[in-house]
Amino acid sequence: MSRRARPGALASLLLLAALLAPAWCAARQYLQLFVTEPYLELHTGPGRGYPVFHVVPRDESIDVLFRRTDWFKVRTEHGVEGWASQKDMEKTILADGSQFHFNLGDRAGFTSHTFEAGIFAGAYGGASLVSGYASWSFNSQLALEGALGGFYGRFSNGYTGDIGLAHVLMPEKRWSPFLTLGIGEVYTEPKATLVVPANRNEPTAYVGGGIRFYLTRRFFLRAEYKAHWVFTKRNQNEEADEWKAGFAFFF
Amino acid sequence: MESWIRVLLLSAVLAALTGCASVRNWFHHGSAQNGAAADQSVDQNAPPPRVIEPEVARRQVKVPRIRSSNFELGADYGVLSIEDFGAHPSYGFTLAYHITEDFFFQGEWGRARGGQTSFETLSGIQLLTEAERRFTYYDVSLGYNFLPGEAFIGRGIAMTSAMYFLGGVGGTEFGGDTKFTVNFGAGYRIVPADWLALHITVQDHVFQSSLLGTTKLTNNLEARIGTTVFF
């Protein structure tokens, strides 16, 4: 199996490179900016630890090639290419004289945004949980959320999927609590040594709450609790507690 | 003769008239302006003078979208030491998203094939089927870049580089079961071109296993080299 998969993987990588190559080669229109400070420092790499190797003097122009995190790869009039930080780039101007501004995310965006997603680690009904979520906001307080998770326990493994609404209380605060309500599905693969029960798929409903904490730019921490009711075909419904915490970002 | 003189005189009058018309302003220029100024000062209710519209349009800058290049996708190949089941070749894929210059998220998927335990080799009894020997892991990790620097080849080539720590959670399928797995490790990334990176990574996949009778934490160390493309 692995012997056959390896050339397949290589082939798919080559195919990917071939597909992406035209995009790299295509002629692009770059943003032109003018240096207004005494000089603009260019680093060898996209990070504060990489040394400054060139400075662009005042009134010279630069072309912005692309961005990686909060660093911009720029090309000077003389063809020198290097990395400038977003903080320094904000001091340059456009050809019409207006200040260059690039929004990498701020508290205002944290309060009011359209899309967010994140990954979590936690516990689901006593089993270890790895999960991710995505959410679409109607306004700063109400959002539609979907979450997918995999849990690994001593007695069973399985997957969970949820969809529901989240209501953010005090979205303008750095620490903002929220409440959730929704429905879902849980797929369980029980483990047993003698009699192996069949895998089962069961509908669930949940209510929960949590807190989110704005970190920087587009990123925040999110911790939450969900109380799940699992509607089984047996005599009694089951309950499962879900605790999780993780990183999330918004757009 | 008479008509000839008449034509001559008429031509002279015509020339004089057009000539006077063209030089009329030479003599009356100042007075005409004074008159206009006088008119303006007298007529207070006249509309204000029209502002001359500049014929040069204001420059409109269309800001092109700045392409971002925060994702890193790649494949790797290495050796995975599965505790009690020997070290065997492994291969996998990674997808990373760079959040800041310091931190990145990374999703990893990898696969290897476990060998035989010493018990199996000695006794000839097979504990696992061939399908159960397939070791597959998938996890999400948070990475932290440190020790940024440059690597040099000869006099002309400099490549940026960095070390990074990795730590995360995920699952591992092995021995007919899927286990919650914690991973941690470190790597070295060298970037020969803006779109290309080479990696050397050492990562430990830790999970609880009870395949050999007792429940214990197993450490499954993996060393791999990989190549990724930024997009």
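Coordinate-derived values only; no laboratory data. Quantities reported herein were computed from a predicted structural model and do not represent experimental measurements. Note that each Cβ is placed from the backbone with ideal geometry, even for glycine, and that neighbours are counted across all protein chains shown.
The B:Y188 and B:L217 beta-carbon pair, evaluated with R₀ = 35 Å, returns a calculated FRET efficiency of approximately 0.85.
Taking only the C-alpha atoms of segment A:26-102, the Rg (one decimal) and the largest Cα-Cα distance, Dmax (whole number), read 11.3, 34 Å. Restriction of the GluC sites (Glu not before Pro) in segment B:129-231 to DSSP coil positions whose beta-carbon has at most 12 other beta-carbons within 10 angstrom yields B:E130.
Relative to the longest principal axis of the Cα atoms of chain A, helix A:2-25 runs at roughly 40 degrees. When the charge dipole of segment A:109-250 is built from unit charges on Cβ atoms (+1 for Lys and Arg, -1 for Asp and Glu) and taken about the Cα centre, the candidate among A:P197, A:V186, A:A245 whose Cα reaches farthest toward its positive end is A:A245. Our compactness index for segment A:109-250, the C-alpha radius of gyration over the empirical 2.2 N^0.38 Å, is 1.11.
Most simply put, segment B:71-230 has about 100% antiparallel DSSP beta bridges, counting only bridges with both residues inside it. The stretch between A:M170 and A:N201, if pulled fully straight at 0.36 nm per residue, gains 7.5 nm over its current Cα-Cα span.
For chain A, relative contact order (Cα pairs under 8 Å, six or more residues apart, normalised by length) works out to 13 percent. Rounded to 0.05, the FRET efficiency of the A:R75 and A:Q99 pair, given R0 = 25 Å and the Cβ-Cβ distance, is 0.75. For B:G143, neighbours were defined as the other residues whose beta-carbon sits under 14 Å from its Cβ, and their charges (Lys and Arg +1, Asp and Glu -1) total -4. Neighbours of B:G213 by Cβ distance under 15 Å: Lys/Arg scored +1, Asp/Glu scored -1, total -3.
Near B:F105, once Lys and Arg are set to +1 and Asp and Glu to -1 for all other residues with Cβ below 12 Å from its Cβ, the sum equals -3.
At the listed q of 0.25, 0.26 Å⁻¹, the Debye profile of segment B:63-125, built from one uniform point per Cα, gives log10 I(q)/I(0) equal to -1.00, -1.03. Across segment A:109-250, C-alpha contacts under 8 Å between residues 6 or more apart give a mean separation that, scaled by the residue count, equals a relative contact order of 23 percent. Residue-normalised convex hull volume from the C-alpha trace of chain A: 200 Å³ per residue. Listed by chain and number, the aspartates and glutamates placed with their C-alpha closer than 20 angstrom to that of A:K244 are A:E116, A:E145, A:D162, A:E185, A:E224, B:D139; residues fewer than eight positions away on the same chain are left out.
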